[in-house]
Amino acid sequence: MRDKTKKIAIIGAGITGLSVAHYLEKFLKPDDAEIFLLENDSRLGGKILTVIEDGFVIEGGPDSIYLFKPGAMELIKELHLEESIVRPPVGARAFIFSRGKLRNFPEGFYGLAPRDFIKFLKSDLFSFSGKFRMLLEPLIPVKDTGDETLGDFVRRRLGKEALSRYAGPLLSGIYAADPDDMSILATFPYYKDMERKYGSLTKAALRAPVKKSTGSPFLTLDKGLSMLVEAITQNLHRTQIVLDADIRSIEKDRMGYIVLGREKLQVDEIVLASPSFDTAKLLKNLSPEASRILKEIRYVSTLTISMAFREDGISLPPGSTGFMVARGENLRISACTFSSNKWPGHAPEGFHLIRCFLGRAGFEKVVDYENDEILEIALEDLRKVIGELSNPIFYRIFRWRKGMPQYRVGHLNLLGNLGESLPDGIHIVGAAYRGIGIPDCINQGRNVAKVLAEKYENSKN
Ligand SMILES: Cc1cc2nc3c(=O)[nH]c(=O)nc-3n(C[C@H](O)[C@H](O)[C@H](O)COP(=O)(O)OP(=O)(O)OC[C@H]3O[C@@H](n4cnc5c(N)ncnc54)[C@H](O)[C@@H]3O)c2cc1C
């Protein structure tokens, strides 16, 4: 009789793969499954990468977790990390760099549409004609086009200024994407829902319950987000973790699958949590169709540069956490976080830590620039925004080649086709599919673990 213990391989140990392992251990009993977490790199965490240097907590990849998406907070609680949570100071504010200067982030908005018209009219981010156009939004007819680009959607409903000065930097910045190449349905479907349900984003905004602000919707951890990776790992008691696994391909055999890497591993189920282009390579022989579809998902290369300054070497707008750059400005940085203001404790007393983002759709070549060129660009642009500043006492650059998956129009159809092309026992999750943010990745990991646990339960009956 066949052994009842299932063998499950998870490929890729970014936050998605780690979450799969965490929840498999939670949902399956020790005798139910043997779990393998196989990572080609020599460290865990993927894009999550914190470096602590001379008291500076430097994030190479993500630096914050969005609170209002389910998934992350539950995991943080399960891992007893609540005491390590750091939130931006109450009243801290971000800016948008537009028409050559920093402008306050507009207040009185619900999503993309204004609902406190006094505050909206006072904002200096938009021109008179831009505001007028945004106020006409309730009169714009509903166009149920199915999927469309974020750019088309915002221009159609709120006008081009709302896109270039507000929605563009705010929403497409998250994906380092061109809003004219981003699927609204795959990235911000609730705006389409609002249009469909209320006929207008403004009407939806006016009907939404007014909640008392509880401060910034973001959090981090006192020693950076790598703490999350470490806590998940320490809490894995029966997952066999293999680093430098050198996984090259997957083959079918009579009993299930063979994962070919530094060692040969025979398993029943495989969860692929690697970037889609790596997953495409692994599935080349097993499912050429899935591999072809995966190759259609494009990625953009970006980088972050973190710079440490003495407090008297840089002058930051008081209480500010950073700025985004409106479209069409003469800057190469796309956003900047004043990390030491945003995250208390992430720089030693008397110093500032500043992190700039470079690289986006249309400006990817910057990742191939030399370090000193990147530093020069960041400093030159920062000077245009906040005025004179000294050279940093040190800086660190993190390049993310093909780091940001792009959800283009038709992304959801692509996922449908991908699902149909996968052989039984092969599961695909991660930032390239159903959400790029850390909570989305955790949720995808949890969901696939649940599917596997249910499948196992059913197989026993
Ligand atoms: C600069 C930057 C800033 C960001 N900021 C934020 C933020 O503030 N908040 C937020 O929520 N999100 C942010 N994101 C997005 C978020 O960090 C990522 O989407 C998320 O961490 C991706 O997790 P993942 O596990 O899906 O993929 P990854 O982290 O890419 O992990 C995939 C893993 O698979 C491994 N792998 C690849 N091929 C193989 C193979 N053949 N065999 C075995 N292993 C393999 C890789 O080495 C890697 O470790 C940011 C991303 C970047 C790049």
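The values are calculated or read from the model by the stated rules, or taken from the named source; none is laboratory data. Everything quoted here is computed from the prediction, not taken from an experiment. Every residue, glycine among them, receives a Cβ derived from its backbone with ideal geometry; neighbour counts consider all protein chains shown.
What are the residues in region 416-461 that are under 22 Å from PRO70 (Cβ atoms), part of a helix (DSSP H, G or I), within 16 Å of the ligand (Cβ to nearest atom) and in contact (Cβ under 8 Å) with a residue 60 or more places away in the chain, if any? Correct list: ILE438, PRO439, ASP440, CYS441, ILE442, ASN443, GLN444, GLY445, ARG446, VAL448, ALA449. Residue count for region 244-271 under the criterion of being part of a loop (DSSP other than H, G, I, E, B), more than 10 Å from the ligand (Cβ to nearest atom) and among the aliphatic types (A, V, I, L, M): the result is 1. Only one of the numbered conditions (1) on the phi < 0 side of the Ramachandran plot; (2) at pLDDT 95 or above is not met by PRO317, and that is (2).
Each row is one residue, and each column tells you yes or no for (1) in the same structural domain as GLY151 (by TED's automatic domain parsing); (2) more than 22 Å from the chain's Cα centre (by Cα); (3) buried (at least 23 other Cβ atoms within 10 Å of the Cβ).
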| site | (1), (2), (3) |
| --- | --- |
| ILE15 | no, no, yes |
| LYS26 | no, yes, no |
| ILE35 | no, yes, yes |
| GLY55 | no, yes, no |
| TYR66 | no, no, no |
| ARG93 | no, no, no |
| SER98 | no, yes, yes |
| TYR110 | yes, no, no |
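Does PRO141 satisfy being surrounded by 20 or more Cβ atoms within 10 Å (Cβ to Cβ) and not acidic (Asp, Glu)? So PRO141 does not fit the description; no. SER274 meets each of the listed conditions (1) in contact with a strand residue (DSSP E or B) (Cβ under 8 Å, 6 or more places away or on another chain); (2) outside the structural domain of ILE442 (by TED's automatic domain parsing); (3) under 21 Å from GLY435 (Cβ atoms) apart from (2).
Considering ALA208, ALA231, ALA290, ALA280, the condition of being at pLDDT below 95 and among the small types (Gly, Ala, Ser) is satisfied by ALA208 alone.
Counting the residues of region 201-210 that are buried (at least 20 other Cβ atoms within 10 Å of the Cβ) and either β-branched (Val, Ile, Thr) or not in a helix (DSSP H, G or I) (or both) gives 1. Of the residues that make up region 88-111, is at least one within 16 Å of the ligand (Cβ to nearest atom), out of contact with any Lys or Arg (no Cβ under 7 Å at 6 or more places or on another chain), not in a helix (DSSP H, G or I) and not aliphatic (A, V, I, L, M)? No, every residue in region 88-111 fails to be within 16 Å of the ligand (Cβ to nearest atom), out of contact with any Lys or Arg (no Cβ under 7 Å at 6 or more places or on another chain), not in a helix (DSSP H, G or I) and not aliphatic (A, V, I, L, M). Of the set (1) at negative phi; (2) crowded, with 18+ Cβ neighbours inside 10 Å, all apply to PHE128 but (2).
Taken over region 286-309, the criterion of being within 28 Å of LYS455 (Cβ to Cβ) and within 14 Å of the ligand (Cβ to nearest atom) is satisfied by LEU286, SER291, LEU294, ILE297. Filtered by the rule that a residue be over 25 Å from GLY387 (Cβ atoms) and either acidic (Asp, Glu) or modelled with pLDDT of 95 or more (or both), region 86-106 gives VAL86, ARG87.
For region 43-71, the set of residues classified as on the phi > 0 side of the Ramachandran plot, within 9 Å of the ligand (Cβ to nearest atom) and part of a loop (DSSP other than H, G, I, E, B) consists of GLY46 only. Would a scan of region 171-180 turn up a residue that is in contact with a Lys or Arg (Cβ under 9 Å, 6 or more places away or on another chain), part of a helix (DSSP H, G or I), free of Cβ contacts under 8 Å to residues at least 60 places away in the same chain and within 16 Å of the ligand (Cβ to nearest atom)? Yes - at least one qualifying residue is present in region 171-180. Selection of region 112-129 for residues being outside any loop (DSSP other than H, G, I, E, B) and either within 26 Å of the chain's Cα centre (by Cα) or among the hydroxyl-bearing types (Ser, Thr, Tyr) (or both) yields ALA113, PRO114, SER129. Of all residue pairs spaced 6 or more apart or on separate chains, those with beta-carbon atoms under 7 Å, a first member in region 46-75 that is of a type in the set (Ser, Thr, Tyr) and a second member that is near the ligand (Cβ under 6 Å from one of its atoms) are TYR66/GLY437. Scanning region 215-243 for residues that are under 16 Å from THR16 (Cβ atoms), within 14 Å of the ligand (Cβ to nearest atom) and not polar (S, T, N, Q) returns LEU225, LEU228, VAL229, ILE232, ILE241.
The set of residues in region 272-292 being surrounded by fewer than 21 Cβ atoms within 10 Å (Cβ to Cβ), part of a helix (DSSP H, G or I) and touching a residue at least 24 places away in the same chain (Cβ under 8 Å) consists of PHE277, ASP278, LYS281, GLU289.
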